[in-house]
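A.B. asks: Submitted below is the structure of interest, expressed as C-alpha cells.
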Amino acid sequence: MRPNVDIQQWLQETREIIEQWINEDSVCRVAQPGAVEEAMRYSLLAGGKRLRPQLVMASTLYLGLPADTFRDAALAVEYIHTYSLIHDDLPAMDNDDLRRGRPTAHKMFPEAMAILSGDALLTEAFVKMGTIQTAKAEDVLRATVYLARAAGREGLIRGQVLDLAAERQDVELGELQNIHRHKTGALFKAALVIPAILSGNEREQQALLDFGEHFGLAFQIVDDILNVVGDPAAMGKNIGTDSALGKATYPSLVGLDQARRLADDHRIRAKIAIGSGPQSDILRRLVDFAVDRQW
Ligand code: GRG
C-alpha cells in the first residue's frame, strides 16, 4: 500500500476506475433509444461520489488484497444505492425533481421507465454478486445473502418505512439514529463487510461492522449539517428540518454544535474499531473525509 496516500487523490482515482467499470458494463450498453438501459445508464452516470464502492475497495485493501479484487461487489452496492435514489425520488416517495443538480430519473424518462430502471439495477446487483469468480462459492452465497438482507426489509427498506412513518411526527434522537442505521448505515456496512465475507476473513468482520456503524452515523449527521449550512434559506428558520417533508434531522433535534460533536464522536469510535496499523490508513482517512467534507 502506498504510504501517506493523499485521500483526495485516492478518491478521484478510484472514482474514475469505478466509472470506467460502469461504462464497460454490458448492462449499461444502450441498444436502442427507449431501452431500460438508457435510464439505468443515466442514473448510474449522474455524478455520484461513489463512496460505497470506494468502501468496498478500502475494506479489500484493509484485508491485504488488491483493491479491485471484488469489483463486481463494488458495482453491486453502487447499483443498489442508485436504485434506492431513483425510487426515493419518485412522486410516491419524496417527489423530488432534482438529484445531484440534474433532473431525477422520472423527470428525464416516463415514470414507469424510471421505476423499471430502479428494479433492473436492484436485480442486476444480485446477478453481479452471484457470479463473482474471485471467491469460494459458499462465500459468494453468504455475501449475496448479506447484501440482500442489507437492501431488504431488515435494511434499506426498513429505514425507508421508518422514515415515512416518522414524517411530521415528533422523533427522538434514538429513533432518528435507528432510521439512519437502516437507511444509510445498512449499505455502508454491507460495502465494508462483504470483502471480509468473500475472502473468508471471519476475524475482521466485527471490526469492519463497528467501523461501518460509526462511519454511517457520522456521514448522515454531516449530511444533515450540510443541508443546513449549505442552504442559506434554511438558516435560522427551520434548522435542519426538511421543510418540504417535515422530517427531523440531527441539527433540528440537538442543534448544530452538538450535531458536530456527535459526528466527531462517531469519527473517533470508527477509528478505534479498525486500529491504527498501516492497513487501516485509507479507512481512517475516509472517515475524516466523511466528517470534514463540505459537500
Ligand atoms: C428503497 C426507495 C428505497 C429507499 C431506501 C437509501 C434510501 C432508503 C433512500 C435514498 C435517499 C437518502 C437520502 C438516503 C440517505 C442516505 C444518503 C445520505 C444518500 C446519499 O448518499 P451519497 O451522498 O449520494 O453517497 P451520491 O449522490 O454521492 O451517490
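A.B. asks: Determine which single condition ARG149 fails, assuming it passes every other condition in (1) under 18 Å from THR82 (Cα atoms); (2) surrounded by fewer than 21 Cβ atoms within 10 Å (Cβ to Cβ); (3) more than 16 Å from the ligand (Cβ to nearest atom).
C.D. replies: Answer for ARG149: the failing condition is (3).
A.B. asks: Still on this structure: Would you tally the residues in region 95-138 being β-branched (Val, Ile, Thr), assigned to a helix (DSSP H, G or I) and more than 19 Å from the chain's Cα centre (by Cα)?
C.D. replies: 2
A.B. asks: Return the total of residues in region 7-36 being of a type outside the set (A, V, I, L, M) and more than 22 Å from the chain's Cα centre (by Cα).
C.D. replies: Number satisfying all stated conditions: 5.
A.B. asks: Another question, if that's okay. Where the second residue is among the charged types (D, E, K, R) and the first is without any contact (Cβ under 8 Å) to a residue 60 or more places away in the chain and lies in region 251-263, which pairs have Cβ atoms under 6 Å and are six or more apart or on separate chains?
C.D. replies: PRO251/ASP224
A.B. asks: Filter region 95-111 down to the residues that are surrounded by 12 or more Cβ atoms within 10 Å (Cβ to Cβ), hydrophobic (A, V, I, L, M, F, W, C) and within 14 Å of the ligand (Cβ to nearest atom) and list them by number.
C.D. replies: Answer for region 95-111, where residues must be surrounded by 12 or more Cβ atoms within 10 Å (Cβ to Cβ), hydrophobic (A, V, I, L, M, F, W, C) and within 14 Å of the ligand (Cβ to nearest atom): just ALA105.
A.B. asks: While we're here: Name the single residue, out of those in region 153-178 being near the ligand (Cβ under 9 Å from one of its atoms) and touching a residue at least 60 places away in the same chain (Cβ under 8 Å), that is surrounded by the fewest Cβ atoms within 10 Å (Cβ to Cβ).
C.D. replies: The selected residue is GLN160.
A.B. asks: Still on this model: For residues in region 49-87 being within 21 Å of LEU156 (Cβ to Cβ) and among the polar types (S, T, N, Q), which is nearest to the ligand (Cβ to nearest atom)?
C.D. replies: Checked region 49-87; the qualifying residue nearest to the ligand (Cβ to nearest atom) is SER84.
A.B. asks: Find all pairs meeting these conditions: Cβ atoms under 7 angstrom apart; at least six residues apart or on different chains; first residue within region 195-214 and β-branched (Val, Ile, Thr); second residue surrounded by 24 or more Cβ atoms within 10 Å (Cβ to Cβ).
C.D. replies: From region 195-214, the pairs are ILE197/ALA143.
A.B. asks: Sticking with this structure for a sec: How many of the residues in region 246-269 are in contact with a Lys or Arg (Cβ under 8 Å, 6 or more places away or on another chain) and either within 17 Å of TYR62 (Cα to Cα) or surrounded by 22 or more Cβ atoms within 10 Å (Cβ to Cβ) (or both)?
C.D. replies: 0
A.B. asks: Which residue pairs have Cβ atoms under 7 Å apart, sit 6 or more places apart or on different chains, and have a first residue in region 1-19 that is over 26 Å from ARG29 (Cβ atoms) and modelled with pLDDT of 95 or more and a second that is surrounded by 11 or more Cβ atoms within 10 Å (Cβ to Cβ) and among the β-branched types (Val, Ile, Thr)?
C.D. replies: Listed pairs, sorted by first residue: TRP10/ILE282.
A.B. asks: I'd like the full set of residues that are surrounded by 11 or more Cβ atoms within 10 Å (Cβ to Cβ) and in a loop (DSSP other than H, G, I, E, B), limited to region 3-25.
C.D. replies: Of everything in region 3-25, those that are surrounded by 11 or more Cβ atoms within 10 Å (Cβ to Cβ) and in a loop (DSSP other than H, G, I, E, B) turn out to be VAL5, ASP6, ASP25.
A.B. asks: So GLN32 ticks every box in (1) surrounded by fewer than 18 Cβ atoms within 10 Å (Cβ to Cβ); (2) at pLDDT 95 or above but one. Which box is left unticked?
C.D. replies: If we test GLN32 against (1) surrounded by fewer than 18 Cβ atoms within 10 Å (Cβ to Cβ); (2) at pLDDT 95 or above, just (2) comes out false.
The values are calculated or read from the model by the stated rules, or taken from the named source; none is laboratory data. Remember, predicted model here, so these are calculated numbers, not experimental data. All Cβ positions, even for glycine, are placed from backbone atoms using ideal geometry, and neighbour counts span all protein chains on display.
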